[in-house]
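Note sheet for the following structure.
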Amino acid sequence: MSEFAANETDYEVVEGEPPELLGRNLNSAGHLLASATAFFFLAFIFAYFYLRSLNNAGLWHPKHVTPPTTFGTLVMALTVLSAILVRLGLADQRAGRRSEWRLKAAVGLAAGVGVVVLQVVEWATMGFGPADGGYASVFFGWTAFNLLFIVGTLFWLQNLLATAIRYRNVPVGGKPTPGHASGDPGRPGHDVADPLSLVRPGLEALSFYWTFLAGLGVLAWVVLYLA
Amino acid sequence: MSATAVEIRPPVWRRLIGFNAITGVIFGIIGYYLGWFLGHHITGKSIAFFADIDQNDLSVLLGYFFGVSGFLIGLGFGVYPWARLRGYPPSLREKETQGTSRYFGLCTDHKVVGIQYLIGIGLFFFIGGLNAMLIRVELLRPASQVFPAGQYLTLVGMHGTMMMGMMTSGILGPFANYFVPLMIGARRMAFPRIESLTFWLLMAAGAVLTTTIFFGGFPTGWTGYEPLNSQANTGMDSYLVFFALVGVSMCLLGLNMLATIITMRAPGLTWSRLPIFCWAVVSTSILNLLAAPVLIAVLGMAILDRTAQTTFFNPQGGGSPYLYQNLFWVFGHPEVYILALPGMGIVLELLPVFARKPLWGYRLAVSGLLGVTLLSWLVWQHHLFVSGINSDLRPFYMLSTELISIPTGFTFLCGLMTLWRGQIRFTVPLLFCLAWFFNFLIGGLSGVFLSDVPSDVTTHGSFFSMAHFHYTIMGGLVFAFFAAIYYWSPKMFGYTLNERLGKIHFWVMFISFNSTFAPLFAVGFLGQPRRTVTYAHNLQFLNDWVSVSAFVLGLSMLVFLYNFVYSLLFARIRAPQNPWSSLSLEWQLPSPVPVHNFDRIPVITGDPYDYGNPSPGAIPATAPAGGSS
Amino acid sequence: MSAQPAAAGSSPAHGRRFLAAWIVLSAILTPVVAFFLGPAIPPGNGSVEATGQVFDNEVLVAVSTPVCVFVVLFLGYALVSFRSRTAEIVDGPPLRGDMRIQIAWMIVTGATVLGLAAFGTYELLQGGAGGGQGPNAAFLPAGHNHALDVQVIGQQWEFTYRYPTFGGLETPQLVLPANTLIRLHVTSLDAVHSFWAYQLGVKADANPGTDNVVYVQTKGARSFDIRCAELCGLWHGYMFDTGQVVDQGRFTAWAKQQQTYFTPVARYLPPYATTYMPDPQRRAG
Ligand SMILES: [Cu+2]
């Protein structure tokens, strides 16, 4: 392990740290974030089954509360599609097919934006409101918070894509011009020598989390529309 | 190694309006009014869901949302996402310079964040404590006298919420942020910007809760039970936003700590060599990470109930108040272990240093901490023994609750056996640790009464349970907090706290604490419920005794404050690098610790408890001190 | 830094000495606590449930005493015997654990915990021990088929009571017959309240939309204190009352009289039901 303790200037990545550290951090963060997300939605799953079993005042699921299954299926399918595209994009990225991965990520991002749009349209047209009983409450709450998580993840995807696009002409391992350092504009030197090397760890973690979230989307679809 | 130590100091006015606390506050206020205006605009349009509310919750909530966002942007948290949005790669470090100004903004140095936490949480602890004093003033007489009923409930609610919310990070915030990287031989936390965010979110949360007084306060206490929650006026929104922000902060803090300890341990620092305090941080962080999302979810439902007219908790509309109680305590019980576990960690970490012996039964202690972590998920309905929920499951919850005393007992055994045949030195931190044992013992034993259903029928919701959790939280967490601050001050500030004043502080605090809360067990058994502004006349003597003791307890905090300010700002006696002769890694660094902690990452060859070993091979011998300052 | 370890084994009898002291002290203190402090712990003798709770508390303080003695005595013993007596820092012996002690500790704590849980469950089986049990009470006392039904309705900020066997009459006073098994149905019209009849050893949360059943077997005639034990809004602190347990004859007479008062207003009230669903209230507290 002595090489770990060697002269830090050997590493031209983030702040003289070993290059795999960012990947390990993001990887563990992705898993931890997924477990936290699971517990968040567990509350809604619990609410669903709990209120359904109680059916207080007979208002669990009044007759007119019928969720539009077409919309729901579309939302679910687009989420899954986007997750698959990001997975494939990751494979491209690993294989060094840079323009292919950017294309897949862009389409995946578009699909994700489609999810957001469709979800909002569904709320506006679905014929029942949040006040229409237990099911309606869970439906509204679950889809709304799910959308928040989706938007956050899309922001992450967009970040990675934007970095890949911005440095598309820099060869792998190449250095950008000084002044491209981000964060603190007042900083004299650039602290990131190889920006493209930072895309991969982010993409690995994102891909895991996005797949997980798509899985949650399928679960939501099964519970809210099919069960 | 401070290569770029070229200090560029812009003029004062430029420094004042840069991204810092001042801009944060200004942006926060602007954001609040923006959201407030937006909320009125939306309801003015009479969208059906929002229409039938005579007070505009939406406006207040949007105000808070935009206010907090503005505050964070003003602090500089918008810079990074904005850069990423445009495709610039991540940079790790921000404002890692010297000087006081870094304490008033986004700083990614974990040591700065630790001290920010210490001062920031101390501030809100002071406000919460002041509320407690006012509560005890009111309870000097059996009938309502100083405060009207509504104000009294707000005081109770603010005290409880402030303490339960802020003190979740009471030890993790200051001490884990500061010392976990040092103990594991790292230069930083895994996500330094998130680390800073957790702190500033907590400050925003505290400010939000304090502003509840402008909206009429809230009547629910810290538990925020529905449907009272939905009934309450807009002051309730402050509670909801406060706790949601605290939840986000807790969750991110846990995530960051776990990621750091998982990935950034120095070479050789295997899991079985990890300092026990870090194990306590791991177990607490697991609870933080997983319990806080449930809290955020349940508060989200409450917010939807109050604004969008969903009926999660409204039985007339197909919901159930039980749903709130279940979900709240699914969070709420791990939450109390979030408050207890760091204290155990501190005590077990400090005892070896002052008994000059290795930690006895390291593996047992670790399994104790992890056992508590696991079991804390299985006990939540013991808060609901008389509520009518799942009455046939009560034997299970009784068993699981009492089972927790087994892993808790492990930590007791390990701590006590560490003292056995040691060379005990009575320093101020050790005194606080010993008091922790006594207090937590009483807290734990009284917990057995509450976990036993027949006994719980009387004690539930009475001052008995209130005394119980003050023994575990104040007697546990706060005593451990003081042990930690007396122990680590020399490293954090480079100055020693006055020992004589420390001992005075300890004895006054220990005696007045017990004198305050021990009689409350009797008060509870004699039939006084919590959170009532009135009580039976025959309980006045006990209540007066408690109030006077509580005032002395409050004074003991002032003794500490005096000691803290006097020692650090006026006496300024330089502390030696390792005043306690501890073998732990953080003490091998110079005081104050250089910005990048270690010039060379140390290689760890043993655990930090190698006391009494005639041939010490481990840490101090091989750990090179960083030392460019 | 780390000087020589202190001469180990200077007094190897520490362990035995401590254990002996613990056993002797516990043997003295436990009966004292159990038989003098125990019976003094409330809630007293107002009902069969209350008496059961007192017994429960007695057992719990008795079990707690040796535990408490162990830790406090241990701390005291260690602090006196193992105090460092030198100015310079001396290390203690490098003891890192002892499997026998760990296993013994696990066995003792485990057995204590299981014993306590079994005891608590047994006590709970005696008709629910006075705690609210929800609509489908799990633990039924003997003769529960013949229990007298009384409904407790929590509302902001008072309790009212309905007697289904007396025409569903509603009254603001709680009067119960002596030496009778009562089945209380606790519910709420608004926020969560908690019905606490202190001397009867009864506590049951009042949740809107829920019928929280609790059994109580009254003893002799007496009065008892009622308080709301769950924060229910502005005037929570004033939600207290006094109830009466009276002889069977007086109870019947009282109920008949109440029924005549009640008849004219009965049609303005909803008929007796286990739960009521009034329109949701907003902004009441
Ligand atoms: Cu009440």
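Suppose we filter A:Val75, A:Val117 for residues that are free of Cβ contacts under 8 Å to residues at least 12 places away in the same chain, assigned to a helix (DSSP H, G or I) and more than 26 Å from A:Gly23 (Cα to Cα); which single one remains?
A:Val117
In the range B:209-235, how many residues are part of a helix (DSSP H, G or I) and more than 21 Å from B:Thr168 (Cα to Cα)?
The number of residues fulfilling the criteria is 8.
Among the listed residues C:Gly130, C:Gly97, C:Gly76, C:Gly92, identify the single one that is in contact with a strand residue (DSSP E or B) (Cβ under 6 Å, 6 or more places away or on another chain) and not polar (S, T, N, Q).
C:Gly130
Within the range B:476-504, track down each residue that is farther than 24 Å from B:Asn177 by Cβ and of a type outside the set (Asp, Glu).
Passing the criteria: B:Asn498, B:Arg500, B:Leu501, B:Lys503, B:Ile504.
For B:Thr516, indicate whether it is touching a helix residue (DSSP H, G or I) at 6+ places or on another chain (Cβ under 9 Å) and modelled with pLDDT under 90.
Against the criterion (touching a helix residue (DSSP H, G or I) at 6+ places or on another chain (Cβ under 9 Å) and modelled with pLDDT under 90), B:Thr516 does not qualify.
Would you check if there is a residue in the range B:590-600 being in a loop (DSSP other than H, G, I, E, B), within 12 Å of chain C (Cβ to nearest Cβ), modelled with pLDDT under 95 and in contact with a Gly (Cβ under 6 Å, 6 or more places away or on another chain)?
No, there is no match, as no residue in the range B:590-600 is in a loop (DSSP other than H, G, I, E, B), within 12 Å of chain C (Cβ to nearest Cβ), modelled with pLDDT under 95 and in contact with a Gly (Cβ under 6 Å, 6 or more places away or on another chain).
So if I check each of B:Thr411, B:Thr401, which one is touching a residue at least 24 places away in the same chain (Cβ under 8 Å) and either over 25 Å from C:Ala206 (Cα atoms) or charged (D, E, K, R) (or both)? Before you say what the answer is, go through the steps one by one.
Working: B:Thr401 fails: either over 25 Å from C:Ala206 (Cα atoms) or charged (D, E, K, R) (or both).
Answer to the check: B:Thr411.
Could you check, for the range B:237-249, whether at least one of its residues is without any contact (Cβ under 8 Å) to a residue 24 or more places away in the chain, in the same structural domain as B:Ile346 (by TED's automatic domain parsing) and of a type outside the set (Phe, Trp, Tyr)?
No, the range B:237-249 has no match at all.
Among the residues of the range C:85-95, is there at least one that is more than 9 Å from chain B (Cβ to nearest Cβ) and under 29 Å from B:Ser451 (Cβ atoms)?
Looking through the range C:85-95, none of the residues is more than 9 Å from chain B (Cβ to nearest Cβ) and under 29 Å from B:Ser451 (Cβ atoms).
Exactly one of (1) more than 14 Å from C:Thr242 (Cβ to Cβ); (2) crowded, with 21+ Cβ neighbours inside 10 Å; (3) within 16 Å of the ligand (Cβ to nearest atom) is unmet by C:Leu169. Its number?
(3)
Quick check on this structure: which one of B:Val336, B:Val281, B:Val330 is more than 13 Å from chain C (Cβ to nearest Cβ) and under 30 Å from A:Pro130 (Cβ atoms)? Don't jump to the end; show me each part of the working.
Values: B:Val336 fails: under 30 Å from A:Pro130 (Cβ atoms); B:Val281 fails: under 30 Å from A:Pro130 (Cβ atoms).
One residue alone meets the criteria, B:Val330.
Taking the stated definitions as given, is C:Gln173 within 25 Å of the chain's Cα centre (by Cα) and part of a strand (DSSP E or B)?
Judged against the criteria, C:Gln173 is not a match.
Just checking, which of B:Gly114, B:Gly120, B:Gly160, B:Gly129 is of a type outside the set (A, V, I, L, M, F, W, C), at pLDDT 90 or above and touching a Pro at 6+ places or on another chain (Cβ under 7 Å)?
Being of a type outside the set (A, V, I, L, M, F, W, C), at pLDDT 90 or above and touching a Pro at 6+ places or on another chain (Cβ under 7 Å) holds for just one of B:Gly114, B:Gly120, B:Gly160, B:Gly129, which is B:Gly114.
Does C:Gly143 satisfy being crowded, with 18+ Cβ neighbours inside 10 Å and more than 16 Å from the ligand (Cβ to nearest atom)?
Considered against the rule, which asks whether it is crowded, with 18+ Cβ neighbours inside 10 Å and more than 16 Å from the ligand (Cβ to nearest atom), C:Gly143 comes out as no.
Within the range C:149-159, which residues are more than 12 Å from the ligand (Cβ to nearest atom) and either within 17 Å of C:Asp205 (Cβ to Cβ) or outside the structural domain of C:Leu269 (by TED's automatic domain parsing) (or both)?
C:Val150, C:Gln151
Please go through the range C:184-223 and give me each residue that is crowded, with 24+ Cβ neighbours inside 10 Å and within 11 Å of the ligand (Cβ to nearest atom), ordered by number.
C:Ser188, C:Ala191, C:Val192, C:His193, C:Ser194, C:Phe195, C:Trp196, C:Asp205, C:Ala206 - these are the residues of the range C:184-223 that are crowded, with 24+ Cβ neighbours inside 10 Å and within 11 Å of the ligand (Cβ to nearest atom).
Return the residue satisfying two criteria in turn: it lies in the range C:232-258 and is facing chain B (nearest Cβ under 7 Å) and of a type in the set (A, V, I, L, M, F, W, C), and of such residues it is nearest to the ligand (Cβ to nearest atom).
C:Cys232
Quick one: is C:Ala229 at the interface with chain B (Cβ under 7 Å from one of its Cβ atoms), without any contact (Cβ under 8 Å) to a residue 60 or more places away in the chain and out of contact with any helix residue (DSSP H, G or I) (no Cβ under 7 Å at 6 or more places or on another chain)? Give the derivation first.
Working: at the interface with chain B (Cβ under 7 Å from one of its Cβ atoms): yes; without any contact (Cβ under 8 Å) to a residue 60 or more places away in the chain: yes; out of contact with any helix residue (DSSP H, G or I) (no Cβ under 7 Å at 6 or more places or on another chain): yes.
Considered against the rule, which asks whether it is at the interface with chain B (Cβ under 7 Å from one of its Cβ atoms), without any contact (Cβ under 8 Å) to a residue 60 or more places away in the chain and out of contact with any helix residue (DSSP H, G or I) (no Cβ under 7 Å at 6 or more places or on another chain), C:Ala229 comes out as yes.
From the list C:Val69, C:Val80, C:Val33, exactly one residue is out of contact with any Lys or Arg (no Cβ under 9 Å at 6 or more places or on another chain) and free of Cβ contacts under 8 Å to residues at least 12 places away in the same chain. Which is it?
It is C:Val80.
The values are calculated or read from the model by the stated rules, or taken from the named source; none is laboratory data. Everything quoted here is computed from the prediction, not taken from an experiment. Cβ: placed from backbone, ideal geometry, glycine included. Neighbour counts: every protein chain shown.
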